[in-house]
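Q: Below is a structure I'd like to ask you about.
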Ligand code: MV4
């Protein structure tokens, strides 16, 4: 096992990783920017190294500074958390070149799955359903037009290197296809340095379901069931739950098997999420795979009882998962609400500032993952997520009730947060009745 690692991240996930390290007797070195110098989790770390000013490009995204911190503090490995450098192939390669273990997948698997066209091809090769669409990247608008006419509208244009909805356009007719194609290409080129675009049939009002997978370096690949992440707004997830409440046992098994086929074929190691769309008739289609631990991993942790961050550390250290699929059990229902410093009454505008009053919820079935405390100043420089509230109950109805109770206990003043928005969603008749899809928030709020 490792004796000392570095955490190249901040906030709740940095704290989450410190905790996992300490349970495994691993020393945790954490890097921080000047904006985070007063963060209490730095005190919990075994060493904390300032890597620069608040601007991410000069700190949390600055590879030379992070590698220097790793060298100085003499760590064996780096955990990138999510966001920042977690899916940066260049960073993973540099870690490897410096003799530092990247706590994530091998570079080859990151490359393969990070390219969505290659990932589509791989899925198709192993017999996993993909959304009908182009075989590869489209060279020009007229090729997109031709294919769209063959398949019928609506279609969706996606960036091969895309993420977070950037370089993506839904198109309903010939008239707007060319301009959408050019806009998507320009946006993708600017955002990812790769303007290649592919096309898929647009699945109307799907549910977004993702399977949590873990693979070790000894050829064991296991799934930890699925999460339904359909409650999102502008490609930002707001509420996630496990299990997906509309899957029957057979479809759930097929989805997990499909995810494992992709992961095995990619020779994947460590934590991955395999994303699917579920249409009205409950057909599922692979869309992409994420090569990192995700924000919403706690819902899977509470329903399976497995600590996914500890598994990441063990797997990266070369230990085998001495575990069989049939021993990974799933109990009850978990829901996570993301608490963001945003004003739901003002189009979810960021609401940074000092927290002068903070009361965290607790009690049976409640978990809070956060780095904030009373007196903490929420910086406008970073992501607005300040806490994750996770509940676990025997049934979905009880989980919703516990979540509402916990959200009402939660006091964060004077900044605005997404707590009232989450309460509105949880109280909505269609959410309670399970009649939701990825357009639910935009249509109803
Ligand atoms: C789709 C889709 C419908 N059909 N692909 C969104 C993020 C990225 N991970 C994939 N996404 C989607 N892919 C096909 N073939 C619907 C989404 C989607 C979405 C699309 C447009 C506007 C809002 C959306 C919200 C969630 C999912």
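The values are calculated or read from the model by the stated rules, or taken from the named source; none is laboratory data. Computed from a predicted model, the values in this text were never measured in an experiment. Every residue, glycine among them, receives a Cβ derived from its backbone with ideal geometry; neighbour counts consider all protein chains shown.
Q: May I ask you to list pairs of residues, at least six apart or on different chains, whose Cβ atoms are under 8 Å apart, with the first in the stretch 422-438 being closer than 24 Å to residue 276 by Cβ and the second being in a loop (DSSP other than H, G, I, E, B) and within 16 Å of the ligand (Cβ to nearest atom)?
A: 425/445; 430/436; 437/205; 437/206; 438/205; 438/206
Q: Tell me, yes or no, whether the stretch 189-196 has at least one residue that is farther than 26 Å from residue 243 by Cα and within 12 Å of the ligand (Cβ to nearest atom).
A: no
Q: Does residue 199 meet the test of being within 10 Å of the ligand (Cβ to nearest atom), in contact with a helix residue (DSSP H, G or I) (Cβ under 7 Å, 6 or more places away or on another chain) and under 23 Å from residue 285 (Cβ atoms)?
A: Yes.
Q: Inside the stretch 2-29, can you point out the residues that are in a loop (DSSP other than H, G, I, E, B) and under 19 Å from residue 306 (Cα atoms)?
A: 24, 25, 26
Q: Now, a different point. Taking the condition out of contact with any strand residue (DSSP E or B) (no Cβ under 6 Å at 6 or more places or on another chain) and at negative phi, does residue 314 pass?
A: Yes: the conditions hold for residue 314.
Q: I'd like to know if the stretch 170-180 contains one or more residues that are within 14 Å of the ligand (Cβ to nearest atom), touching a helix residue (DSSP H, G or I) at 6+ places or on another chain (Cβ under 7 Å) and under 21 Å from residue 283 (Cα atoms).
A: no
Q: Name the pairs whose Cβ atoms lie under 8 Å apart, with the first residue in the stretch 339-357 and on the phi < 0 side of the Ramachandran plot and assigned by TED's automatic domain parsing to the domain that holds residue 383, the second crowded, with 16+ Cβ neighbours inside 10 Å and in a helix (DSSP H, G or I), and 6 or more positions between them or separate chains?
A: Listed pairs, sorted by first residue: 339/419; 339/422; 344/421.
Q: Further, regarding this structure: Quick test for you: out of 200, 205, 210, pick the one residue that is more than 30 Å from residue 264 (Cβ to Cβ) and either under 23 Å from the mean Cα position of the chain (by Cα) or buried (at least 21 other Cβ atoms within 10 Å of the Cβ) (or both).
A: Every option except 205 fails the conditions.
Q: Given the criteria part of a helix (DSSP H, G or I) and farther than 17 Å from residue 339 by Cβ, does residue 430 qualify?
A: In short, yes.
Q: Among the residues of the stretch 118-141, is there at least one that is surrounded by 21 or more Cβ atoms within 10 Å (Cβ to Cβ), within 13 Å of the ligand (Cβ to nearest atom) and over 30 Å from the mean Cα position of the chain (by Cα)?
A: no
Q: Restricting to the stretch 255-273, give me the number of residues that are within 20 Å of residue 313 (Cα to Cα) and either outside any helix (DSSP H, G or I) or not assigned by TED's automatic domain parsing to the domain that holds residue 215 (or both).
A: Adding up the residues that qualify gives 7.
Q: Of all residues in the stretch 256-293, which are more than 14 Å from the ligand (Cβ to nearest atom) and touching a helix residue (DSSP H, G or I) at 6+ places or on another chain (Cβ under 7 Å)?
A: 262, 265, 266, 267, 268, 269, 270, 271, 272, 282, 293
Q: Considering every residue within the stretch 91-114, establish whether at least one is surrounded by fewer than 18 Cβ atoms within 10 Å (Cβ to Cβ), under 18 Å from the mean Cα position of the chain (by Cα) and not assigned by TED's automatic domain parsing to the domain that holds residue 218.
A: Within the stretch 91-114 (the criterion being surrounded by fewer than 18 Cβ atoms within 10 Å (Cβ to Cβ), under 18 Å from the mean Cα position of the chain (by Cα) and not assigned by TED's automatic domain parsing to the domain that holds residue 218), the answer is yes, since at least one residue qualifies.
Q: When the stretch 216-254 is examined, which residues are found to be within 16 Å of the ligand (Cβ to nearest atom) and not in a strand (DSSP E or B)?
A: Listed by number, the residues that qualify are 234, 235, 244.
Q: If residue 165 satisfies every condition in (1) within 13 Å of the ligand (Cβ to nearest atom); (2) buried (at least 20 other Cβ atoms within 10 Å of the Cβ); (3) at positive phi but one, which is the exception?
A: (2)
Q: Additional query: Got at least one residue in the stretch 409-420 being part of a helix (DSSP H, G or I), surrounded by fewer than 16 Cβ atoms within 10 Å (Cβ to Cβ), more than 16 Å from the ligand (Cβ to nearest atom) and at pLDDT 95 or above?
A: Yes, there is a match, as at least one residue in the stretch 409-420 is part of a helix (DSSP H, G or I), surrounded by fewer than 16 Cβ atoms within 10 Å (Cβ to Cβ), more than 16 Å from the ligand (Cβ to nearest atom) and at pLDDT 95 or above.
Q: Which of the residues belonging to the stretch 148-159 are more than 12 Å from the ligand (Cβ to nearest atom) and crowded, with 20+ Cβ neighbours inside 10 Å?
A: Once the filter is applied, which keeps residues that are more than 12 Å from the ligand (Cβ to nearest atom) and crowded, with 20+ Cβ neighbours inside 10 Å, the stretch 148-159 yields only 148.
Q: Report, by residue number, each residue of the stretch 270-280 that is surrounded by fewer than 22 Cβ atoms within 10 Å (Cβ to Cβ), at pLDDT 95 or above and more than 17 Å from the chain's Cα centre (by Cα).
A: 279
Q: Of the conditions (1) more than 24 Å from the chain's Cα centre (by Cα); (2) not in a helix (DSSP H, G or I), residue 392 fails just one. Which one is it?
A: Result: residue 392 passes all but (1).
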